[in-house]
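First comes the structure, then the notes that go with it.
Since every read-out is calculated from the coordinates, none of them should be taken as a lab result. Computed from a prediction, not measured in an experiment: that's the story for all the values here. Cβ coordinates were reconstructed from backbone atoms using ideal geometry, including for glycine residues, and neighbour counts include every protein chain displayed.
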Ligand SMILES: C[S@@+](CC[C@H](N)C(=O)[O-])C[C@H]1O[C@@H](n2cnc3c(N)ncnc32)[C@H](O)[C@@H]1O
């Protein structure tokens, strides 16, 4: 079983958001003061909506697209709570898949921009939320898309209550480094970046010290954008 972990980047130039009391942020990790890790061990549960949505379209998860769908609704709640998503927020979601996390974000009152590479999942999530105008789904490869211009045009149409947007996403593991490289320099756009990652990836990003063989260019990058 893969163990996943929430990685939270807070914009170091902004005040910390007030999180609900039950939110289980574990604490700040050494080496990246604005990044912290929250354990999110996923158990099998009885949340069948994702399976049903996939079956209804005859779709099976594609490994090449990192399609590990979230079957535990509590983890989606934890992701939204870690970013303190609330009414009036603008949230970027990378890879909405069947829309289980999207649903939590919309229910919290956020306006959501979802970027999904797989055209079948784009169709599925658009259909699922057809009547909701707080959601925009774009069929694009996040790694190649110009996220800054998408966010700026969304800001023109919707006023965010804080003046910033948040990122909340269960991302495909194979693009995690690319996602972090794109998002961390955008401190003028995002106040928090909350990502569900494989535990070992998250630890590799925030823990290794300079003297270990694990230390890679991405660690220098993460440290640079952390206070
Ligand atoms: C780990 S799944 C998460 C799905 C959903 N958010 C959930 O929690 O169940 C990752 C999603 O990202 C999509 N995806 C994969 N590569 C992508 C890329 N380069 N850009 C945007 N979406 C991508 C996949 O099709 C899939 O829907």
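Okay, here's what the table says:
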quantity: Projected-area mean, segment 47-140, by convex hull of Cα positions, square nanometres; calculated: 5.6
quantity: Sequence of 120, 68 once ranked by neighbouring C-beta atoms within 10 Å, starting from the fewest; calculated: 120, 68
quantity: Segment residue 74-residue 150, length gained on full extension (0.36 nm per residue, minus Cα span); calculated: 24.4 nm
quantity: Among 162-169, 60-67, the order from most to least packed when residues are scored by Cβ within 10 Å on average; calculated: 162-169, 60-67
quantity: Listed peptides 3-12, 217-226, 140-149 by packing density, highest first (mean Cβ within 10 Å); calculated: 3-12, 217-226, 140-149
quantity: Pairwise label distance in nanometres, residue 49 with residue 134, each label 7 Å out on the Cα-Cβ vector; calculated: 1.3
